[in-house]
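Enquirer: Mind looking over this structure? Questions follow.
The values are calculated or read from the model by the stated rules, or taken from the named source; none is laboratory data. Quick caveat: nothing in here was measured; it's all calculated off a predicted structure. Cβ placement follows ideal geometry from the backbone for every residue including glycine, while neighbour counts extend to all protein chains displayed. SASA here: full protein model, heavy atoms, side chains in, ligands and nucleic acids out. Shrake-Rupley method; radii C 1.70, N 1.55, O 1.52, S 1.80 Å.
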Amino acid sequence: MTVREVRDAVRSGVRSASEVCRDALARIEALNPRLNAFNSIAADRALATAEAIDRDRSRWRDAPLAGVPIAVKDNICTLGVRTTASSRMLERYVPPYDATVVARLESAGAIVVGKTNCDEFAMGSSNETSAFGPVHNPWAFDRTPGGTSGGSAAAVAARLTPGALGSDTGGSIRQPSSLCGVVGLKPTYGRVSRYGLIAHGSSLDQIGPIVQSAHDAAIMLGVLAGADAADSTSAPEPVPDYTAALTGDVRGTRIGVPRALLEQGVDAEVAAATTAALDALKARGATLVDIDLPHARYATSVYYLVSTAEASSNLARYDGVRYGFRAQPSGTATAVRYDLRQMYARTRAQAFGAEVKRRIMLGTYVLSAGYYDAYYLKAQQVRTLILRDYDQAFERVNAVAMPTSPVPAFRIGERVADPLQMYLIDVFTVSANLTGLPAISIPCGFTRGGLPIGLQLTGRRFDEATLLRVADAYERDTTWSTQLPPILNP
Ligand code: GLN
């Protein structure tokens with residue numbers, strides 16, 4: 001069932017929240033051992049919340065997410081529920097507070113059922129950097145679900161929960177959604193509070209929904225969006241009724257297609273599905289417009305300079321003192337010789353994985369006095385040029401379309417040995433984070449081998465409504481979103 005269907009069933013009393021919750025927990029118990037999508041299952045908290053809803057049904061009669069089980073990425077803080085960012089560093093960290101998004105979900109009637117596996121500190125594109133093992137793609141167990149919100153995307157694709165939260169620094173909501181055949185929305189920078197999100201790149205991070213349909217994304221965004229006194233980067237813009245935008249009408253909507261960009265390194269089946277999806281939108285009355293994004297080809301380079309710089313700074317807080325793991329002196333070190341520096345160094349050496357260390361080193365390097373101008377400053381300048389390209393395009397179009405990922409789900413182990421090959425997967429997603437623009441990934445087909453393909457639409461600042469309207473209109477003509485992965489076809 002979709003978010004909307006579960007919500008309607010609970011509101012009307014056809015199903016109780018407890019029943020829905022127990023079913024979700026049973027599905028997780030049955031399938032999670034094969035998927036590894038969850039780091040923690042919050043059964044007690046979930047059932048207690050569900051029972052409270054059932055006890056006081058009138059209070060939740062109009063709640064937008066009444067009784068809807070939601071999976072939350074494990075880099076988003078949950079009061080009393082372990083939040084690890086899939087790192088040894090935070091393996092035993094239990095936050096003393098809820099992230100604002102979690103509080104908002106619960107006050108809308110949602111039920112947090114567990115915390116999903118992700119790449120360590122949301123660094124990766126395949127969920128393989130997790131300290132707790134990779135997530136398996138529900139469409140093909142030997143393949144990655146993408147990353148870094150791989151557990152959330154796999155959970156929704158395998159219908160363990162109707163919806164999930166992800167976070168997106170360079171594509172981590174959209175790329176796994178694309179590789180798992182579900183809908184993922186990265187809102188405009190500032191649209192959703194990040195209070196309680198474990199920081200990766202502070203000028204890039206956003207939280208957003210991973211769901212089965214554009215309508216569900218509209219419901220979820222309506223709950224999540226809005227200013228938050230606890231996050232000074234959250235925007236005061238009023239929150240529209242996103243579901244009201246879903247008219248099915250795309251006549252007069254102008255969709256920009258950056259043809260030159262799409263000629264480079266895109267898998268033939270992905271390219272064909274993208275073209276077919278654009279034709280379908282055209283048949284519905286949208287106008288396709290050729291556009292040029294001349295600086296987009298630098299986006300991956302710029303992203304891996306800016307994001308590593310910010311990550312190196314954000315991750316300085318994991319020092320063995322304030323929270324999380326602390327290395328103990330080894331057998332030979334006496335109390336005197338185990339000084340503070342050794343404790344810092346050993347803690348970070350032991351508890352961070354290889355990808356996190358690589359990024360801390362790269363980020364520290366590009367911020368160092370000797371190289372700041374050549375790398376970090378230059379990257380920020382090119383970032384402005386990328387933003388200008390989009391601003392110019394949006395003078396002529398309402399949305400920009402391209403594939404979400406240049407390739408469908410790849411095999412576990414295929415790219416992990418070569419960081420550059422992994423980084424290049426992000427070519428189409430990172431620009432939305434560098435520019436702060438909203439972007440959505442929607443299912444638009446399958447390869448001959450049965451792997452999902454995603455279409456990405458990027459919109460104007462704070463114009464998520466247009467993306468949702470176009471995505472919803474497209475869904476009305478297609479059935480990609482309703483197909484089930486083999487794991488659910490006995
Ligand atoms: N793949 C990108 C990275 O590794 C995106 C990560 C993300 O969005 N959290 O940085």
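Enquirer: Let me check something: with ligands and nucleic acids excluded, how do 136, 200 order by accessible area (1.4 Å probe), largest to smallest?
Expert: Result of the area sort, largest leading: 136, 200.
Enquirer: Right, another one. Roughly speaking, to the nearest percent, how much of the stretch 200-306's 1.4 Å accessible area is carbon and sulfur?
Expert: Carbon with sulfur: 52 percent of the solvent-accessible area.
Enquirer: First compute the accessible area of the stretch 72-171 with a 1.4 Å probe, then give the percent of it belonging to carbon and sulfur atoms.
Expert: Carbon and sulfur: 54 percent of the exposed surface of the stretch 72-171.
Enquirer: Hey, can you find the accessible area per residue of the stretch 1-144 for me, probe 1.4 Å, expressed in square angstrom?
Expert: Counting only protein heavy atoms, the per-residue value for the stretch 1-144 is 36 Å².
Enquirer: Of all DSSP beta bridges in the chain, what percent run antiparallel (nearest 5)?
Expert: 70 percent
Enquirer: From Cα pairs below 8 angstrom and at least 6 apart in sequence, can you work out the relative contact order of the chain, rounded to a whole percent?
Expert: 18 percent
Enquirer: Largest first, what is the accessible-area ranking of 446, 121 with a 1.4 Å probe?
Expert: Highest to lowest solvent-accessible surface, that is 446, 121.
Enquirer: Sort the stretch 255-356 into rounded, prolate or oblate with this rule: let a ≥ b ≥ c be the square roots of the eigenvalues of the Cα gyration tensor; rounded if a/c is under 1.5, and if a/c is not under 1.5, prolate when a/b is larger than b/c, oblate otherwise.
Expert: prolate
Enquirer: Continuing with this model, one more query. Farthest toward the dipole's positive end in the stretch 40-186, which of 66, 161, 94, given Cβ charges of +1 (Lys, Arg) and -1 (Asp, Glu) about the Cα centre?
Expert: Farthest along the dipole direction, towards plus: 66.
Enquirer: Tell me, what are the semi-axes, in whole angstrom and largest first, of the equivalent ellipsoid of the stretch 332-405 as set by the roots of 5 times the Cα gyration tensor eigenvalues?
Expert: Three semi-axes, in Å: 44, 17, 8.
Enquirer: Step through the residues of the stretch 183-188 one at a time and calculate ³J(HN,Hα) from phi using the Karplus curve (6.51 cos²θ - 1.76 cosθ + 1.60, θ = phi - 60°), rounding each to whole Hz and writing x for Gly and Pro.
Expert: With the stated coefficients, the stretch 183-188 comes to 9, x, 10, 9, x, 4 Hz.
Enquirer: I've got another one for you. Could you tell me what percent of the accessible area of the stretch 364-472 is made up of carbon and sulfur, with a 1.4 Å probe and every protein chain present?
Expert: With neighbouring chains kept in place, the figure for the stretch 364-472 is 53 percent.
Enquirer: Another question, if that's okay. Averaged per residue, what accessible area in Å² does the stretch 316-461 show with a 1.4 Å probe, protein chains only?
Expert: Averaged over the residues of the stretch 316-461, the accessible area is 47 Å².
Enquirer: Right, next: Note the count of lysine pairs whose C-alpha atoms are less than 25 angstrom apart in the chain, limited to pairs 8 or more residues apart or on different chains.
Expert: Lysine pairs, 8 or more places apart or on different chains, close enough: 7.
Enquirer: Rg and Dmax of the chain, Cα atoms, in Å?
Expert: Rg then Dmax for the chain, in Å: 21.6, 75.
Enquirer: At 1.4 Å probe size, what's the solvent-accessible area of residue 480? Round to the nearest 10 Å².
Expert: The value for residue 480 is about 80 Å².
Enquirer: Enter the per residue convex hull volume of the stretch 195-297, computed from alpha-carbon coordinates, in Å³ rounded to the nearest integer.
Expert: Convex hull volume per residue, Cα atoms: 173 Å³.
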